[in-house]
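Undergrad: Sharing a structure below in structure tokens format, with a few things to ask.
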Amino acid sequence: MRRVLWVLLVASVVSGAQAASRGGVGSRAGSLFDQVTGPTVKQGGSVLSWVGRYVFGRVADAFDMVEVSAAIGPGLKAGVEYAVLRTTVGQVEAQRIGLDGRQVGMWTEHNVAFGIFPASLLFAPFELLKDQGDTYQMLAEGGFEAGTLGVERTARKDFVATDVLYHEAVMAGAWHERPGDVASVGAEVHLLIVGVRARVKPLEMIDFVLGFIGIDLDPRLKHPDAEGRSRH
């Protein structure tokens with residue numbers, strides 16, 4: 001009887017060892033641990049990843065709101081933008097350094113601008129006479145219409161920067177070909193070989209605020225053809 005019990009005990013131990021080696025109790029315990037902790041670890045990693053993206057997005061949106069740059073190169077220009085109109089005149093061909101939203105670094109820029117409001121109001125009577133000949137039409141369209149809105153064209157190239165907002169853009173009054181720059185408020189002065197520009201962008205400010213509740217306007221505020229030329 002003792003011999004039988006001894007044989008049964010040995011057989012039980014051997015059978016248990018074989019079961020463990022094939023993925024028995026120990027393996028099941030490990031599998032159960034993975035099932036319990038795995039989702040928690042994955043969820044924690046996902047949360048950290050989301051927090052990182054969220055923080056980066058808010059910082060990037062904060063940069064989007066402003067443009068501050070200095071220029072070195074020939075030109076003469078003075079102007080202000082006050083959301084709805086531009087009073088500005090001049091032409092500049094310069095190397096700029098600074099930031100324009102996420103575009104931080106250096107680039108070459110050619111800029112020409114014309115807007116003489118409120119002096120442009122003196123040309124308003126020519127609107128009534130613009131059909132009387134080319135001279136009257138020029139005074140109406142150039143002096144009053146363009147002069148009141150303020151028109152500007154910017155071409156950029158030779159980028160050494162973190163991003164490229166656009167290569168070329170046209171502006172008229174509040175409108176800017178890059179939606180994020182619409183209705184900007186700012187000023188620029190360039191005297192012979194040096195100049196500075198600073199502006200804030202209200203639509204980008206709205207995007208910054210809405211970003212805190214998960215609304216992202218960035219895709220709608222990009223230039224229509226940032227990596228190439230203007231569509232105009």
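The values are calculated or read from the model by the stated rules, or taken from the named source; none is laboratory data. These numbers were taken from a predicted model, which means no experiment stands behind them. Ideal geometry is used to build each Cβ from the backbone, glycine not excepted, and the neighbour counts take in all protein chains shown. Note: accessible area is taken over every heavy atom of the protein model, side chains too, but ligands, DNA and RNA are not part of it. Shrake-Rupley method; radii C 1.70, N 1.55, O 1.52, S 1.80 Å.
Undergrad: Which order do the peptides 118-129, 164-175 take when ranked by the mean count of other beta-carbon atoms within 10 Å per residue, highest first? Kindly include the intermediate steps, with their values, before the conclusion.
TA: Working: 118-129: 14.4, 164-175: 19.1.
Top of the packing list down: 164-175, 118-129.
Undergrad: So how do 67-75, 215-223 stack up, highest first, on mean other-Cβ count within 10 Å?
TA: The peptides rank, most packed first, as 67-75, 215-223.
Undergrad: Now for a different question. What are the residues whose amide H is under 5 Å from the amide H of Arg86, where those residues sit 5 or more places off or on another chain and H is modelled from the backbone?
TA: Under 5 Å from the amide H of Arg86 lie the amide H atoms of Gly150, Gly173, each far enough along the sequence or on another chain.
Undergrad: Where a ≥ b ≥ c are the square roots of the eigenvalues of the C-alpha gyration tensor, would you call the stretch 62-126 rounded, which needs a/c under 1.5, or, failing that, prolate if a/b is larger than b/c, or oblate? Kindly include the intermediate steps, with their values, before the conclusion.
TA: Numbers: a/c = 3.97, a/b = 1.74, b/c = 2.28.
Since a/c reaches 1.5 but b/c is at least a/b, the shape of the stretch 62-126 is classed as oblate.
Undergrad: Mind ranking Asp134, Asp61 by accessible surface for me, highest first, 1.4 Å probe?
TA: On the way: Asp134 125, Asp61 5 Å².
My answer, sorted largest first, is Asp134, Asp61.
Undergrad: Separate question: With only Lys, Arg, Asp and Glu charged, each at its Cβ (+1 for the first two, -1 for the last two), find how big the charge dipole of the stretch 36-138 is about the Cα centre; round to the nearest 20 debye.
TA: So the magnitude is around 600 debye.
Undergrad: Separate question: Quick one: 3J(HN,Hα) in Hz for the stretch 191-205, Karplus 6.51/-1.76/1.60 with θ = phi - 60°, rounded, Gly and Pro as x.
TA: 3J(HN,Hα) across the stretch 191-205, in whole Hz: 10, 6, 10, 9, x, 9, 9, 8, 7, 10, 10, x, 5, 5, 5.
Undergrad: Given 0.36 nm per residue, what is the gain on full extension from Met138 to Ala83 after removing their alpha carbon distance, in nm? Don't skip to the end; give the middle numbers.
TA: Working: separation 55, 0.36 × 55 = 19.80 nm, distance 2.60 nm.
Separation in residues times 0.36 nm, less the Cα-Cα distance, equals 17.2 nm.
Undergrad: Distance in nm between label sites at Ile215 and Ala155, each 7 Å beyond Cα in the beta-carbon direction?
TA: Simple spin-label model gives 3.9 nm for this pair.
Undergrad: Show Arg199, Arg102 ordered by accessible area, largest first, where the area counts protein heavy atoms only and the probe is 1.4 Å.
TA: Numbers: Arg199 20, Arg102 80 Å².
From most exposed to least exposed: Arg102, Arg199.
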